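The values are calculated or read from the model by the stated rules, or taken from the named source; none is laboratory data. The structure displayed is predicted, hence computed values, not measured ones. All Cβ positions, even for glycine, are placed from backbone atoms using ideal geometry, and neighbour counts span all protein chains on display. Please note that ligands, DNA and RNA were not included when accessible areas were found on the heavy atoms of the full protein model with its side chains. Shrake-Rupley method; radii C 1.70, N 1.55, O 1.52, S 1.80 Å.
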Amino acid sequence: MTAPEPQDRAETDDARRLQGLSTELTARVPQLLEAMRSVGTGLELHATLDRICETAARLVGARYAALGVVGEAGGGLSDFVTFGVDPEVARRIGRRPDGHTGLLGELIRHPEPLRLADLTADPRSAGFPPHHPPMRTFLGVPIRVQGEILGNLYLCEKHDAAEFTDHDQHMVRVLATEAGLAIGNARLYEAARQRERWIDGSVAVTTALLSGAGAEDTEEPTAPDDHGQDHDHDHDHAGQTNTAVHGDYSHHAHHALTVVAEHARRLADSAAGIVMLPTPEGGLEVVAVSSDTTDVSIGTRVPARSPVVAKLLTGESVHVTDSSTDPRLISPLSARYGPAMMLPLHSDGRVLGVLVTPRAIGARPFTEAERTLATQFASQAALALMMAEAQRDRERIAVFEDRDRIARDLHDLVIQRLYAAGMMLETAQRQSQVPEVRAGVGKAVDELDVTIQEIRTAIFALQQGPAEAPSGLRTRVLREINMAAVPLGFRPTHRFAGAIDSSVGELTGKNLIAALREALSNTFRHARASRIEVTVDANAELPDGTPAVRLSVADDGVGIPEGGRRSGLRNLRRRAESLGGSSEVGPGLAEDGGGTTVIWQAPL
C-alpha cells in the first residue's frame, strides 16, 4: 500500500478538523461552500484570479487580499492581482512585487501556511514601498494542484483589528484547494484561446500580405498627364523627386511590415509592435511601428555594438524580463519598456528582420507558451513576407513583359506607319503647285515628326525599370513642358537627341531641369511668344571638345529689350558655370530672327 501524497494528507487533515469544528465555524460552512461555488465559475484567467481574491477576503473578513501566480521557472511571481487597494493608490505604488524578497518570497521558497499577528515585526518582512497602505495582520496560504505550486493567497488586515484564527486558516486552505482547480482550468482554457488567437493571427497576416500584393501596387514609371501633373511625387526647386516611403522600401513593402507589427502587438498584448530591418553597418533600423504612443519613431537605429543585435541577426530569439534595466540593451528605446520579446523574422536560412513586442514597465513577463507561440508567428510572418515578395516579383515580370510588347508594337507598327504617312505627304507637297497647300502639308509633316519623337519617348519610358523612369531626364523635361503649357496657352514642341537618361548625371540633370524651368518662365512672363521649341541634345560638345548636354529654348516672341532685367539670365549662367559649362542667348524663331534662343550647356 502506497503512502498518500502530501497534498492528500493535507486535505485529509483539513477534513478531520472540519468534523470537529465549533458551532461558530460550522455556521460558516455554508459561506465556505458558496465561496467555493463562486470561485469555480467562469474560465477567463484574470477574472478567476480577481474572483478568488474577493471571495477569500469576504470569507475571513479581511480588508485586503492578493494572489500571486508563481512563474513557470518557480523563482518569482509572473502575475499579481489585488483586492481592496484603490486603483489610484496602486498606480502611485507603481511596480508590483516580483516575489523574490520579503514574506512573498518566503512563501514561494517555503510553500506552507503563514499566519502573523504583526507582519512588520517579522524579520523576514522587506517593508512596504512608498504610498502602500499600512498592514499588520497577515495570512498566507499556498495554492496547489496535484502537488504543483500555482501561487499563493495573501490576506491582510482582518476587520475590527482582530488576528486571523486557526479557523480562518483552515477555511482559506479549503478555498485554496478549489482555487487551484479553478486556476488550472482557467490556464488550460487560456492556453487554448491563446493558441487559437495566434493561429488566427498568422492566417490573417498571410492573407493580408498575399491579397494585398496585387499588380495595382507594383511601382511603375509615371508618365505626365495632359497637364503635366505627376500625382505620386513632389518636387523641390531643383527638380528632385521625394517620396513618402521611408528609406529604400516601397510603399507596399512598408505596408506589409506594418501589418506584421499590428497583428503581433495585438496578439502579444504588448505596448507596441516594432519591425526592424538590418542596416548596411550591421545594426537594426525601425521601419514599421504599431503603438498608441510616439515613444518609437521610424528610422530609429540600434547600433551593431549592441550585444543582442548579433544574436538576432543569426536567427536567435532574445527574451528580456525588464528592458529598462537589462544591461544588454543600449538603445534609448529600452528605457521605456519592461518585458520584451525580440524575434528574428527568418525563413529558409535568411533573416529578413526582427519583430519586437515590448510590454510596459511593470507588466507581467511573457510566459513560455507565449514565447513559443510568438516564435511560430514570427516564422510564419517571415514566410508570408517572402511569398508576398515572390508574388509581387511575378506580377512585376508580367507587367514588364506587357510593357515590352506595347513598346515593340509602337515601334514596329505605329512609328512605321507614321513614317509612311509622312513620306506620302512630302511627295504630295513636292507635287503641289499651290503655296498654301505646300505650307499646310509642311506643317502636317512637322507635326508627324513631333508625334514620332513623343512616341519614341514613351517607348523609352516603357523600357525602363521602376526606379529609373520616374527620375529619367526625358520624363522630367516632358513634365516641365506640360506644366508650362497651362500658363502659355499652347504646348511647346520638343526634340531629344542622344542617350539623355543614361549619359546625363543626376547633378547636371537637376540643374538642366532648373534651367529649363527658368527659361520657360521668362518666356511666359516677357516674350509674348506663340511658338516655343525645346531641344535637349546629349551628343553636343563644348568649344574644347568635351562631351556635353545642350539645352536650347527658342521662341518667336519680342526678344530681350535693351536695358531690361537680366537676373534670370544671370541665374542660368551661374548654374552652367558652376558645372564647367556656359549659357548664352541668340536669335529666335521669327522669320526676321526675332525672338530669343537660350542655349544652356554643361559637360557630361
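Return the pair list, or none, for Cβ contacts closer than 6 Å from residues in the range 293-313 that are over 14 Å from residue 336 (Cα atoms) to residues that are open to solvent by 70 Å² or more (accessible area, probe 1.4 Å), at least 6 apart or on different chains.
As it stands, the answer is 304/281; 306/330; 307/328; 308/328, since those pairs meet every condition given.
Scan the range 490-520 residue by residue and report those that are exposed (fewer than 14 other Cβ atoms within 10 Å of the Cβ) and under 19 Å from residue 573 (Cβ atoms).
507
Please tell me if residue 172 is under 27 Å from the mean Cα position of the chain (by Cα) and in contact (Cβ under 8 Å) with a residue 40 or more places away in the chain.
Here the answer is no, as residue 172 does not meet what is asked.
So which residues in the range 332-347 are out of contact with any Gly (no Cβ under 7 Å at 6 or more places or on another chain) and open to solvent by 30 Å² or more (accessible area, probe 1.4 Å), if there are any at all?
Once the filter is applied, which keeps residues that are out of contact with any Gly (no Cβ under 7 Å at 6 or more places or on another chain) and open to solvent by 30 Å² or more (accessible area, probe 1.4 Å), the range 332-347 yields 332, 335, 336.
May I ask you to say which residue of 91, 96 is among the basic types (Lys, Arg), closer than 25 Å to residue 187 by Cβ and under 42 Å from the mean Cα position of the chain (by Cα)?
None of the other options fit; the residue is 96.
Quick test of your reading of the structure: residue 384 fulfils all but one of (1) within 28 Å of residue 46 (Cα to Cα); (2) open to solvent by less than 10 Å² (accessible area, probe 1.4 Å). Name the failing condition by number.
(1)
Please find, within the range 150-208, the residue that is farthest from residue 67 (Cα to Cα) out of those that are polar (S, T, N, Q) and part of a helix (DSSP H, G or I).
The extreme case among them is 207.
Quick check: anything in the range 409-430 under 30 Å from residue 318 (Cα atoms), aliphatic (A, V, I, L, M), open to solvent by 50 Å² or more (accessible area, probe 1.4 Å) and not in a loop (DSSP other than H, G, I, E, B)?
No, the range 409-430 has no match at all.
Residues to consider are 544, 501, 592; find the one that is outside any strand (DSSP E or B), on the phi < 0 side of the Ramachandran plot and in contact with a helix residue (DSSP H, G or I) (Cβ under 8 Å, 6 or more places away or on another chain).
501
Tell me, which residue of the range 396-408 that is charged (D, E, K, R) and crowded, with 16+ Cβ neighbours inside 10 Å is farthest from residue 202 (Cα to Cα)?
Among those that are charged (D, E, K, R) and crowded, with 16+ Cβ neighbours inside 10 Å, it is 403.
Collect the residues in the range 130-148 that are surrounded by 12 or more Cβ atoms within 10 Å (Cβ to Cβ), at pLDDT 85 or above and closer than 24 Å to residue 88 by Cα, keeping them in residue-number order.
Matches in the range 130-148: 132, 133, 135, 136, 137, 138.
Could you list, in sequence order, all residues of the range 573-589 that are touching a residue at least 40 places away in the same chain (Cβ under 8 Å) and assigned to a strand (DSSP E or B)?
582, 583
Restricting attention to the range 303-315, does a residue exist that is small (Gly, Ala, Ser) and under 30 Å from residue 96 (Cα atoms)?
Looking through the range 303-315, at least one residue is small (Gly, Ala, Ser) and under 30 Å from residue 96 (Cα atoms).
Considering only residues of the range 349-363 that are surrounded by 17 or more Cβ atoms within 10 Å (Cβ to Cβ) and over 18 Å from the mean Cα position of the chain (by Cα), which is farthest from residue 284 (Cα to Cα)?
363
Take the conditions surrounded by fewer than 19 Cβ atoms within 10 Å (Cβ to Cβ) and within 30 Å of residue 302 (Cβ to Cβ) and apply them to residue 376. Does it pass?
yes
Being among the aliphatic types (A, V, I, L, M), in contact with a helix residue (DSSP H, G or I) (Cβ under 8 Å, 6 or more places away or on another chain), touching a residue at least 24 places away in the same chain (Cβ under 8 Å) and under 20 Å from residue 59 (Cβ atoms) narrows it down to one residue among 181, 114; which is it?
114
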